[in-house]
Amino acid sequence: MPDREKGKLRILLGYAAGVGKTYRMLEEAQQAKRAGRDVVVGYFEPHGRKDTIAKTEGLEIVPRRKIDYRGREFEEMDTDAILRRNPELCAVDEFPHTNIPGSARSKRWEDVMVLIDAGIDVLTTMNIQHLESLNDQIREITGVAVRETIPDWVVKQAEEVVLIDLPPRALLNRLQRGVIYGTEKAQRALDNFFKEPALAALREMALRQTAHEVEIRQGEENVRSHHTEPEVRERILIHVTESPASVGLIRRGRRVADYLKADCFAVGVMPSPDPIALEQHLEFARKLHIETRVLEGRNAAETLVDFARRNAVTQIFLSKPPKRQFPFLGARNVAMDVVRLAKDRQVTVVAERNKAVG
Amino acid sequence: MADTERRRPDPDRLLKQVEAEERNTSQGHLKIFLGYASGVGKSLRMLDEGRRRKLRGQDVVIAATQACASPEAQQIIDSMEVIPPSCVNGIPAIDMDALLRRHPSVCLIDGLAYRNPPGSKHPQRWQDVEELRKAGISVITSINIQYIAERQLEIERIRGKSVSDSVPESFIQTADEIEVVDATPEYCATRSIEGDEQRQLSELREIALVLAADVVDHQLEEYLQHQGSTQVYGAQERILVCVTPRSSAREMIHRARRQADRFHGDLYVVYVEQDGLNEADQRLIRENLDYAHEAKARVELLSGDDPTEAILDFASKHGVTQIFVGHSNQNGWAGRLRANPVERLIMEADGIDVRVFPNETVNA
């Protein structure tokens, strides 16, 4: 028998809890069922919402798997049971969820990929704040560091991304009426995450991200531009160091490279005062599907610029040096040295975007 | 929040905001459901919102419906109070007199872009809505992106056909809330669509999403300024290109335009005016600024003794997220002791990326 074709992934994208993602997911599952497809719900999070629970009526729900962790019982999606059941379409809520230790895979999106590989179509939900490359900006807007993130390349696997929209005021009204959380939890949510301007900013990001997802699925030839001549493909080099700022730099570099459809690689220079931290940052880059290299050189700036020239790098991405090194009498800074040395290249000095909390 | 990355409020905008606020207090609320194609589900979402509001005890009536409603939509219509349309020469229009007499707190109007029959109170339906809002009646309505006047040329180019009805975008901007009704093209078509049509619809979808994002951005900015807040969220990319006679301005503007397009962002080009430029340099600057205009950038001339300061000031006022600038030519031994202008820009641009470009005359 030939291999079954891969399943299709459809993501319903929102910007906050309560905009109606789960509801819409179940509604679409119902529609698919009415259209005669073999549908199951692999996981859904009722949050005690009546309307949402009512939407599951008549849908087959695959029971969750129970997992013991430190003497307590947790429930996770039962990926093996879904594989055995082998439906055409499976609805899976909360794409960015992190599984309890002891699960076969640490992330729900990894479970979803297993279903997709087995030829099952998956309908899933996520919020914009879980997109890895926006993590620093989100933290600046909301003051909350989101830990459950999804690498951008995973979202790219989706055949379709659909926006679930709701104006912030309507969302706040729902919260106040206790539709989304119980009233007590709602008040806490209102005090913290659910500030109207922050919601508006998140919503704007979700709208723009969906527009981008729509655009990249239209194909290369169709990208709207004022210039029609073919572009030279850009090659972006991200300079990774032991500094914690590297994480934000990698995210930003990845995002710009994706938007410009550029090649992207991350380079560290040894010796480093903290080789373990440097390696961790390179590992983070690899998780975002960025190719990494480690170079040797006493003078990091010269080593980088030399590498950039030999490898036809068009743009070098660097972290902004900390303010206290300025003015830099004596002690030189690598970023500033690169700016001075690489006058024949584009050099982008990336500012920190999450100062609000940091 | 941090005290970096602040935008300074502009007094003129504050005044406009206060005026807008005064208008708003007595006015009916306007909510618009925006879709990119018929069949995307705007009518149903609008009617469903009316139904839910009625359940919560609000006084809701229906003032206009589409000629042929889906069974689901018809079910909601049948459960609600409908103000029957008046007819002029057999063409229906909202019965404004009856509606104003009835004076509900909320009225549903399906299809904002509708040309009223000759002899009606207003030629266009959106003008009816304007009057209803002035009378303190809130309106929930729906519109398809192809009816927004300013977008019509672009959409005609994509679709290859034109529509005659239109609503000015400035009216859309007065809405208190805009909700996007999004779906993939396959989802809203009743028949199977393919290739070209699919791509056309997908382009319209992108336009609708970006339009909504722009409206949100605009409202967010006004809200923040009204609150006296100068916080910048950077949800929209805004690129600022600084041109000088030595910089390869065309290359920078070209790249910036492309990047702004990809990010659906804004593009600014500035030149900090300097004394003592020779004629050739002055001509170069003029040519580059012309090119910037062609690239649809917002072009501004800045002045100030300290160019770095002038650029940073502009960037902070406009919520810029990326600055494009040419490499500095100052590289002598003095540069070892003192930061050159580009280095100062990098150090002092808080929360803004600085992308430094090779100058035309430099060879590796």
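Residues that are charged (D, E, K, R) and at pLDDT 85 or above were ranked within region B:317-349; the one that is farthest from B:Ser248 (Cα to Cα) is B:Lys317.
Would you call A:Ala118 touching a residue at least 40 places away in the same chain (Cβ under 8 Å) and more than 10 Å from chain B (Cβ to nearest Cβ)? Taking the combined requirement at face value, the residue satisfies it. Scanning region A:300-358 for residues that are surrounded by fewer than 16 Cβ atoms within 10 Å (Cβ to Cβ), modelled with pLDDT under 80 and at the interface with chain B (Cβ under 8 Å from one of its Cβ atoms) yields a total of 3.
Taking region B:21-112 as the region of interest, the helices (runs of 4 or more DSSP H) fully inside it that hold 3 or more residues being closer than 29 Å to B:Arg151 by Cβ are B:42-55. Going by the conditions given, is B:Leu220 under 19 Å from B:Ile32 (Cβ atoms) and without any contact (Cβ under 8 Å) to a residue 40 or more places away in the chain? So B:Leu220 fits the description; yes. Filtering region A:296-309 to residues that are of a type in the set (A, V, I, L, M, F, W, C) and farther than 19 Å from A:Gly253 by Cα leaves only A:Ala300. Is one or more of the residues making up region A:58-77 free of Cβ contacts under 8 Å to residues at least 12 places away in the same chain and among the β-branched types (Val, Ile, Thr)? Among the residues of region A:58-77, not one is free of Cβ contacts under 8 Å to residues at least 12 places away in the same chain and among the β-branched types (Val, Ile, Thr), which makes the answer no. With respect to A:Glu279, is the statement that it is within 17 Å of the chain's Cα centre (by Cα) and closer than 28 Å to A:Ser106 by Cβ true? No; evaluated as a whole, the condition is false for this residue.
To keep it simple, each residue is scored yes or no on (1) under 30 Å from A:Gln218 (Cβ atoms); (2) of a type outside the set (Phe, Trp, Tyr).
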site: A:Thr79; (1), (2): no, yes
site: A:Asn86; (1), (2): no, yes
site: A:Met113; (1), (2): yes, yes
site: A:Gly119; (1), (2): yes, yes
site: A:Gln137; (1), (2): yes, yes
site: A:Ala145; (1), (2): no, yes
site: A:Thr149; (1), (2): yes, yes
site: A:Trp153; (1), (2): yes, no
site: A:Lys156; (1), (2): yes, yes
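Screening B:Ile158, B:Ile178 for residues that are within 12 Å of chain A (Cβ to nearest Cβ), without any contact (Cβ under 8 Å) to a residue 60 or more places away in the chain and either over 20 Å from the mean Cα position of the chain (by Cα) or under 23 Å from A:Gln209 (Cβ atoms) (or both) leaves exactly one candidate, B:Ile158. Listed by first and then second residue, the pairs linking a residue in region B:286-303 that is within 14 Å of chain A (Cβ to nearest Cβ) to a residue that is among the basic types (Lys, Arg) and surrounded by fewer than 18 Cβ atoms within 10 Å (Cβ to Cβ), with Cβ atoms under 7 Å apart and 6 or more places separating them unless they lie on different chains, are B:Tyr291/B:Arg250.
Criterion first (in contact with an Asp or Glu (Cβ under 6 Å, 6 or more places away or on another chain) and surrounded by 11 or more Cβ atoms within 10 Å (Cβ to Cβ)) does A:Val19 satisfy it? For A:Val19, the condition - in contact with an Asp or Glu (Cβ under 6 Å, 6 or more places away or on another chain) and surrounded by 11 or more Cβ atoms within 10 Å (Cβ to Cβ) - is not met. Please determine whether any residue of region A:244-265 is over 23 Å from the mean Cα position of the chain (by Cα), at pLDDT 90 or above and more than 14 Å from chain B (Cβ to nearest Cβ). Checked against the condition, which is being over 23 Å from the mean Cα position of the chain (by Cα), at pLDDT 90 or above and more than 14 Å from chain B (Cβ to nearest Cβ), region A:244-265 yields no hits at all. Please go through region A:30-71 and give me each residue that is within 24 Å of A:Ser106 (Cβ to Cβ) and acidic (Asp, Glu), ordered by number. A:Glu45, A:Asp68 - these are the residues of region A:30-71 that are within 24 Å of A:Ser106 (Cβ to Cβ) and acidic (Asp, Glu). So, B:Val272, is that one under 15 Å from B:Ala315 (Cα atoms) and surrounded by fewer than 22 Cβ atoms within 10 Å (Cβ to Cβ) or not? Yes, satisfied. Considering only residues in region A:143-175 that are within 12 Å of chain B (Cβ to nearest Cβ) and of a type in the set (Lys, Arg), the one that is surrounded by the most Cβ atoms within 10 Å (Cβ to Cβ) turns out to be A:Arg174. If the condition is being touching a helix residue (DSSP H, G or I) at 6+ places or on another chain (Cβ under 6 Å) and either assigned to a helix (DSSP H, G or I) or not hydroxyl-bearing (Ser, Thr, Tyr) (or both), then region B:137-150 contributes B:Val139, B:Ile140, B:Ile145, B:Gln146, B:Ile148, B:Glu150. If you filter region B:254-283 down to residues that are over 22 Å from the mean Cα position of the chain (by Cα) and part of a helix (DSSP H, G or I), you find that the one that is nearest to the other protein chains (Cβ to nearest Cβ) is B:His254. Answer yes or no: is there a residue in region B:126-137 that is buried (at least 18 other Cβ atoms within 10 Å of the Cβ) and farther than 30 Å from B:Gln58 by Cα. No, because not a single residue in region B:126-137 is buried (at least 18 other Cβ atoms within 10 Å of the Cβ) and farther than 30 Å from B:Gln58 by Cα.
The values are calculated or read from the model by the stated rules, or taken from the named source; none is laboratory data. Quick caveat, the model's predicted, so the values are computed rather than measured. Here the Cβ is made from the backbone with ideal geometry for all residues, glycine too, and neighbour counts use every protein chain on show.
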